[in-house]
Amino acid sequence: MITIEQLKELTDRTSALGRYLDIEGKRIQVEEEQLRTQAPGFWDDPKAAEAQMKLVKGLQKWIDSYSELKTLVDETALAFDFYKDEMVTEEEVDANYQKASAMLESLELKNMLRQDEDVMDCVLKINSGAGGTESQDWASMLMRMYLRYCEQHDYRTRISNLQDGDEAGIKTVTIEVEGDMAYGYLKSESGVHRLVRVSPFNAQGKRMTSFASVFVTPLVDDTIEVYVDPSKISWDTFRSSGAGGQNVNKVETGVRLRYQYTDPDTGEQEEILIENTESRKQLENRENAMRLLRSQLYDRELKRRQAAQAKIEAGKKKIEWGSQIRSYVFDDRRVKDHRTGYQTSDVGGVMDGKLDGFIKAYLMEFAEKEDNN
């Protein structure tokens with residue numbers, strides 16, 4: 001049975017969150033923004049109209065979520081009072097408290113995502129590391145882990161490119177993730193993921209270490225302006241492999257986009273390579289590849305903005321593109337994030353997509369630093 005102190009803390013945190021979010025201010029803002037959507041000629045500029053509708057929807061979602069939380073907290077307080085009169089059981093009071101606490105924690109966590117790009121959908125790409133079949137199997141395990149995470153959080157996923165491994169697993173996969181704050185939550189997963197286990201592919205049953213890299217970038221839409229230099233683009237086509245029917249295998253529907261990127265700071269040149277085999281139609285695959293290119297260019301610009309933060313953090317444990325971030329040690333039943341120190345013995349749960357603990361620890365430690373830059 002919860003105590004009066006626990007109930008008071010729940011009530012105080014909820015009130016503090018409401019003040020911080022300025023819910024009353026958001027209600028006024030929603031009314032003002034909705035009036036703009038009723039102006040004559042509002043849809044004459046589809047991009048601007050879409051951005052405005054997204055703004056209204058985002059504000060309304062905060063208001064609705066906080067109202068739901070407030071209702072849960074009020075119901076918990078009421079149940080606590082009813083228990084004194086023996087009208088409800090201890091289990092019912094505790095169940096109400098747990099439900100309200102979980103939602104409060106979820107909103108507090110979401111409130112940490114204040115960067116413009118946090119609200120966007122994202123592209124999650126997994127590449128197997130050196131090590132052949134073992135690393136390719138590890139990459140496929142990570143793909144399943146993230147697909148399960150997305151399923152649990154009602155995110156929509158779409159695989160835009162998948163290359164099977166030589167004997168098992170996958171060499172690479174690109175997954176587009178759509179949902180509330182998808183990039184904000186999944187950005188913490190960028191980096192190298194390390195697996196230590198007794199390999200089923202090793203005849204001697206030796207303990208082996210495998211690596212796979214995960215890259216998460218914001219998925220930009222038509223409302224985001226990103227400049228792409230047409231003169232730096234070249235295309236190849238190829239026959240798609242895998243499921244899709246005979247037409248996919250006979251016709252060159254797969255596309256390979258090459259973009260010659262020049263770093264605006266260093267002048268160094270790099271080729272960005274994107275493959276897309278999602279559709280049976282080459283034109284649609286070209287459009288998807290261009291969308292993924294724009295997302296990568298947008299992400300590179302974000303990384304440039306964060307360069308100042310990297311300098312400030314010099315001397316501390318760095319978090320940068322491609323660094324090893326997490327170890328999954330199956331024999332010791334331990335998964336540890338090296339950036340935050342957060343770890344769990346629930347290896348099975350993690351591989352089934354239970355990543356909230358890792359994501360929360362990352363945001364608790366680094367979201368405020370991002371917000372200050």
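None of the figures in this text is laboratory data; all of them are computed from the coordinates on show. In this text the structure is predicted, and so the values were computed from the model without any measurement. With ideal geometry, Cβ positions are generated from the backbone for all residues, glycine too; neighbour counts draw on all protein chains shown.
Quick notes on this one:
- Equivalent ellipsoid dimensions for segment 122-223 as semi-axes, Å, which come from the Cα gyration tensor, largest first: 28, 13, 11
- Sorting the Cα pairs of segment 1-155 by distance into bins of 5 Å, from 0 upward, gives 1, 7, 12, 13, 12, 12, 11, 10, 8, 7, 4, 2, 0, 0 percent per bin.
- In terms of its C-alpha gyration tensor, segment 47-88 comes out prolate, because a/c is 1.5 or above and the ratio a/b outweighs b/c.
- Segment 95-125 and segment 13-40 have their alpha-carbon centroids 18 Å apart.
- Degrees separating the helix 282-305 axis from the principal Cα axis of the chain, which is the longest one: 60 degrees
- Computed as a quarter of the hull surface, the mean projected area of the alpha carbon convex hull for segment 71-127 stands at 6.2 nm².
- Calculated on alpha-carbon atoms, Rg and Dmax of segment 143-193 in Å: 11.9, 36
- Three principal axis lengths of segment 91-162 [C-alpha, angstrom, descending]: 53, 35, 20
- Diffusion constant of segment 230-305 at 10 °C, which comes from Stokes-Einstein with the Kirkwood Cα-pair radius and 1.306 mPa s, µm²/s: 118 µm²/s
- Values (i) 20.6; (ii) 22.2; (iii) 23.5 are given for comparison; Kirkwood radius over Cα pairs in Å, derived from the coordinates here, is the one labelled (iii).
- Segment 29-105 - charge dipole about Cα centre, Lys and Arg +1 at Cβ, Asp and Glu -1, debye rounded to 20: 580 debye
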